[in-house]
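The values are calculated or read from the model by the stated rules, or taken from the named source; none is laboratory data. Quick caveat: nothing in here was measured; it's all calculated off a predicted structure. Because the Cβ atoms are built from the backbone with ideal geometry, glycine has one as well, and the counts that use them run over all protein chains shown. Ligands, DNA and RNA are stripped out before the accessible areas are found, and what is left, the full protein with its side chains, is counted by its heavy atoms. Shrake-Rupley method; radii C 1.70, N 1.55, O 1.52, S 1.80 Å.
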Amino acid sequence: MPADAYPADQPLPSTDPGEWASRANQAARSVTRTFGRRLCFLPGTHIGAVTLPTKPLRQIAGPWHYWWQAHYVDCLVDAGRRELAAATKFDGASRPSAGRLASRLVTTIRLRNLLRFENHFYDDMAWLALSTLRLEKLAEETRNPGRRRNAYVRKRLTLQFDSASTDDLGGGTFWSTARDFKNTPATAPVALYFARTGRSERAQSLVNWLNSRLLNPQRGVYMDGLRIRRGETVLEDAVYTYNQGPVLGALLELGGRENLERAAQLVQAVSRELTVPGTRVIRGDGTGDGGLFTGILVRYLAVAARDQRLPATARDTARGLVHATAAGFWSGRREAPELRGTKDRDGEPAVLFSPDPLRPAAETYPPGAAVELSTQLQAWMTFEAAATLTPASPG
């Protein structure tokens, strides 16, 4: 990415994967030490608090946010893969590995979800299925237990995806068990899941439906979905950052000339349509569920940046978007000694990251503000994405 692609008042972002790995470790320690806790004090459990500060009762009586926990699993798997490569735990030799925490988290999700992995929303279930699939591969490589439980998750949730992916509205996947909305948020991660589990034909049919029904041909990005309202089909044409991520992932996983061409076009469309003007920084989408949106897109942009089947221009664009967005989150961080449990015996304080990569956390999360897990996972997964990338080759 050329230097003139960045604002003159901002330093060029680091492209050193070792530096980003160190930053990802710091974010991982901050999230797991501050938000991570036992469920109702039960030994062997681990769950992320939805907000901080919080009261223990809210773990049961408060908002649940199943899909935030699924992305927490994914972030821990990222850290676990780096642990495997470096032969060093992200939080010190005396603490659980990232893979162990991820396994506890999957088990605890089931406990918190009333002993079920099934959920009202098919996109939520797709995110958990994708993260446990990655966790199983990590478990295989580290020879750790949990594979039977992960296989059970896949079996139960695959049945849900088969049920939700119907011929209604010409294809696609329903968003929820209400079955009145087929959209990109559900169809794209389900397509990616099918592609990763050897069901390429089913995955391709879902991608084809997205291309024919929800791709905006002028902008080159995917719209939200088709809603069934009083017997009629209504297009919801909003464009969200995170919807583009799993579509990109599915296109790359499936491969083939047409899918790869579409993936390269999508990377350029994201750069054109979804960045802050004058920068290569992916825009923020606020707090709540939106606090995960930017990070999810960046995760799959990093996959594109590493894919040698794509043209160099698309790979370089994707790499530049990842690095610029990660640099924005990192430069806006602030220490947060006011949060409970933020200091341990090593004296390292918690670090807070803004939901918007171009607004400082001191502004978005001043002392005393409620801090949401989604936004902290977003920054962490962005650093993990940057840590997977090597600098672009000269010329």
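For this structure, a couple of remarks:
- Residue of Asp167, Asp74, Asp307 that the Gaussian network model of the chain assigns the largest fluctuation, springs spanning Cα pairs under 10 Å: Asp167
- For the chain, a Gaussian network of Cα nodes joined below 10 Å ranks Pro53, Pro63, Pro43 by mean-square fluctuation, and the top entry is Pro43.
- In the structure shown, the pairs Lys55/Lys137; Lys55/Lys89; Lys155/Lys182 are assessed against 32 Å; a Cα-Cα span above that value is assigned to Lys55/Lys137.
- The modelled label-to-label distance between Asp346 and Arg219, using points 7 Å beyond Cα along the C-beta direction, is 4.3 nm.
- Ligands, DNA and RNA excluded, the heavy atoms of Thr158 present near 30 Å² of accessible surface to a 1.4 Å solvent probe.
- Within the accessible area of the chain (1.4 Å probe), percent carbon and sulfur: 50
- Computed extension length for Ala362-Arg156: 69.9 nm, one decimal, from 0.36 nm per residue of separation with the Cα-Cα distance subtracted.
- Leading residue at positive end of dipole, the range 33-188 (Cβ point charges), from Leu169, Ala87, Thr184: Ala87
- Springs between Cα atoms under 10 Å define the GNM used for the chain, and in it the highest mean-square fluctuation of Val371, Val234, Val153 occurs at Val234.
- Ratio of Rg to Rh over the range 106-247 (Cα coordinates, Kirkwood Rh, two decimals): 1.01
- Within the chain: Cβ-based charge dipole about Cα centre, in debye rounded to nearest 20 (Lys, Arg +1; Asp, Glu -1): 1400
- Rounded to the nearest 10 Å², the accessible area of Thr241 at probe 1.4 Å: 0
- Charge dipole of the range 229-312 (Cα centre as origin; +1 on each Lys and Arg Cβ, -1 on each Asp and Glu Cβ, all else neutral): 220 debye, rounded to the nearest 20.
- Share of alpha-carbon pairs per 10 Å distance bin for the range 275-395, given as whole %: 14, 42, 29, 13, 3
- Rolling a 1.4 Å probe over the heavy atoms of the protein chains gives the chain an accessible area of 42 Å² per residue.
- Within the chain, helices built from complete DSSP H runs that reach 27 Å or longer along their own axis (Cα positions) and carry a mean Kyte-Doolittle hydropathy of 0.0 or higher are 312-331.
- Dividing the summed -39500 (n - 2.57) terms of all DSSP H runs of n ≥ 4 by the residue count of the chain sets its mean residue ellipticity at 222 nm at -17000 deg cm²/dmol.
- Between the residues Thr45, Cys75, Ser30, the greatest Cα displacement towards the positive end of the dipole of the range 15-115, with unit charges on the Cβ of Lys, Arg, Asp and Glu, is found for Thr45.
- Treating r as the C-beta distance of Glu258 and Ser163 and R0 as 30 Å, the FRET efficiency rounds to 0.60.
- Dipole moment magnitude, nearest 20 debye, the range 93-213 about Cα centre, only Lys, Arg, Asp, Glu C-beta charged: 740
- Directionally averaged projected area (convex hull, Cα atoms, the range 232-296), nm²: 5.9
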